[in-house]
1. Which residues, taken from segment 37-64, are of a type in the set (A, V, I, L, M), free of Cβ contacts under 8 Å to residues at least 12 places away in the same chain and surrounded by 12 or more Cβ atoms within 10 Å (Cβ to Cβ)?
2. So how many residues does segment 1-52 have that are touching a Phe, Trp or Tyr at 6+ places or on another chain (Cβ under 8 Å) and either outside any helix (DSSP H, G or I) or modelled with pLDDT of 90 or more (or both)?
3. Restricting attention to segment 53-82, and to residues there that are of a type in the set (D, E, K, R) and either farther than 19 Å from Leu32 by Cβ or in contact with a helix residue (DSSP H, G or I) (Cβ under 7 Å, 6 or more places away or on another chain) (or both), which single residue is modelled with the highest pLDDT?
Amino acid sequence: MNPALVRGERPGLTPWEQALRAASVLLGLLSLGFAAKYVIDGVSRNPEFPFVANSLAKDALLLGLCWLIYWDVRRWAPSRCR
């Protein structure tokens, strides 16, 4: 057993895992900003409702995926990468 492992896993995140977490935070913040912009434009400019609803759904999905990556970056990794 590798002495750097604790119960078969590395105790800290690797630099690539940290970079992936940072990228997911940036994408999540960008999606949140776009969602806010769509809501503001939908209220003030009165565009077509399906456009606003679809855009909000897309950004909510991206935000949820970013949260999953940030929450546990190793959980969704292939088994050979763990």
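The values are calculated or read from the model by the stated rules, or taken from the named source; none is laboratory data. Just so we're clear, the structure is a prediction, and the values are computed from it rather than from any experiment. So basically every Cβ, Gly included, is an ideal-geometry build from the backbone, and we count neighbours across all protein chains shown.
1. If the condition is that a residue be of a type in the set (A, V, I, L, M), free of Cβ contacts under 8 Å to residues at least 12 places away in the same chain and surrounded by 12 or more Cβ atoms within 10 Å (Cβ to Cβ), then Ala53 is the only one that fits.
2. Residues that pass the stated criteria total 4.
3. Checked segment 53-82; the qualifying residue modelled with the highest pLDDT is Asp59.
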